[in-house]
């Protein structure tokens with residue numbers, strides 16, 4: 001996001017002609033780039049239909065697609081469809097950008113292939129469905145359970161039930177990450193008895209203290225918190241809850257994001273000064289600066305965890321989970337060890353009068369946010385762990401119009417844009 005604040009104030013008795021009316025700035029643009037992968041083998045998926053409102057795109061041989069030159073900030077929801085795969089959705093939100101600026105959001109979506117007859121279960125007899133993956137889970141259908149479909153019609157006999165781990169759906173700007181995200185098919189089945197769901201704790205000696213069950217409502221495109229509590233079985237190191245219908249669920253740990261305000265830093269302006277030693281006015285449409293980009297953890301995640309009393313084998317797992325928790329807030333890109341310095345041409349509208357020079361300085365905001373997570377430590381102590389993140393923010397340019405005096409006497413006007 002680029003912030004341009006401008007004015008011109010004369011501080012000299014020298015007379016200059018009025019500046020022409022600057023052209024209207026171009027509206028900000030927004031671009032979404034993505035790649036779709038096969039969850040089974042992590043290979044690119046070609047031929048996926050990607051729908052976003054009235055716009056459509058099809059993935060190429062490398063699984064890539066793009067929606068470019070979008071003109072409105074705000075929330076976008078993408079739907080992914082391909083034969084023999086579960087449908088997938090992805091939501092993101094662009095914050096409003098300044099004129100003459102483009103924001104690009106990069107996403108990666110994994111689609112899960114159908115696996116016919118994964119676990120045939122006759123609900124009247126009951127059964128247990130095992131779900132593999134990095135965080136194994138198990139769903140039990142109690143004997144004597146009756147089933148109805150999405151149209152409330154009875155379903156009898158054996159049902160081929162598919163239960164798979166699926167990628168989390170980031171809906172809006174608030175994201176409670178999933179310890180486990182599961183999709184159960186056929187979607188819409190309703191059960192007369194609660195179905196116990198057990199999910200392995202991915203941590204060996206710690207656990208999250210504020211955990212809840214959420215159901216993804218596709219028609220509203222948002223996660224809905226369920227009243228059914230999530231409890232923890234310390235003897236088995238598993239989270240336990242129950243569901244009553246088939247859809248997509250996640251066992252989510254609650255996070256809180258708090259703005260800590262911004263600090264400002266000077267940046268290097270490459271195009272300064274710009275002198276006009278001609279007899280006619282000179283227009284300047286862009287200024288090159290060296291600005292910071294990306295985001296960092298102010299304190300390494302491992303250090304924050306150690307200070308909270310969390311060490312050992314859980315650190316690597318927690319580090320990956322915290323990194324994944326933060327990424328959706330920053331264009332789905334990973335953190336760096338330090339803020340990168342990049343060259344950027346910033347659009348401006350300035351006029352340098354004859355025998356004047358334009359001197360430009362710049363400052364950039366470094367935004368600070370804290371992400372809080374509740375954790376039960378190996379010492380069975382409940383702590384709130386705060387991870388502070390610094391990200392490159394808006395740039396402001398400040399200008400001075402200074403008279404070029406061959407005899408060593410300078411005067412001129414100042415301002416900012």
TODO: Mind giving me the nanometre distance, one decimal, between the label points for residue 130 and residue 222, set 7 Å out from Cα along Cα→Cβ?
DONE: 3.9
TODO: Would you kindly state how much longer the chain becomes between residue 33 and residue 52 on full extension, computed as 0.36 nm times their sequence separation minus their alpha carbon distance, in nm to one decimal?
DONE: 5.6 nm
- [ ] Report, in deg cm²/dmol and to the nearest 500, the calculated mean residue ellipticity at 222 nm for the chain, where each DSSP H run with n ≥ 4 adds -39500 (n - 2.57) and the sum is divided by the residue count.
- [x] -1500 deg cm²/dmol
Open item on the list: Let me check against my output: what whole-number percent is the relative contact order of the range 29-113, with C-alpha pairs under 8 Å and at least 6 apart?
Closed with: 40
Open item on the list: If you fit an axis through the alpha-carbon atoms of helix 314-326 and take the longest principal axis of the Cα set of the chain, what angle between them do you get, 0 to 90°, nearest 10?
Closed with: 60
Open item on the list: Can you tell me, using C-alpha contacts under 8 Å and at least 6 residues apart, the relative contact order of the range 98-169 as a whole percent?
Closed with: 37
Task: Option label - Rg and Dmax of the Cα atoms in Å computed here, alternatives (i) 27.9, 100; (ii) 21.9, 70; (iii) 30.9, 96 - done: (i)
- [ ] Within 10 Å of each residue's Cβ, count the other Cβ atoms and sort 398, 216 from fewest upward.
- [x] 398, 216
Task: the chain: most fluctuating residue of 47, 294, 261 per GNM, C-alpha cutoff 10 Å - done: 261
Task: Contact order normalised by residue count of the chain, Cα under 8 Å, 6+ apart, percent - done: 17
Task: Cβ-based exposure ranking for 76, 90, in which fewest neighbours within 10 Å come first - done: 76, 90
TODO: Could you check what % of the DSSP bridge pairs in the chain are antiparallel, to the nearest 5?
DONE: 95
- [ ] For the range 29-113, just say rounded, prolate or oblate: build the C-alpha gyration tensor, square-root its eigenvalues into a ≥ b ≥ c, call rounded for a/c under 1.5, and beyond that prolate if a/b exceeds b/c, oblate if not.
- [x] prolate
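Read-outs: derived from the displayed coordinates by stated rules, not from any lab. In this text, all values refer to a predicted model and were calculated from it rather than measured experimentally. Glycine gets a Cβ as well: all are built from the backbone with ideal geometry, and neighbour counts include every protein chain shown.
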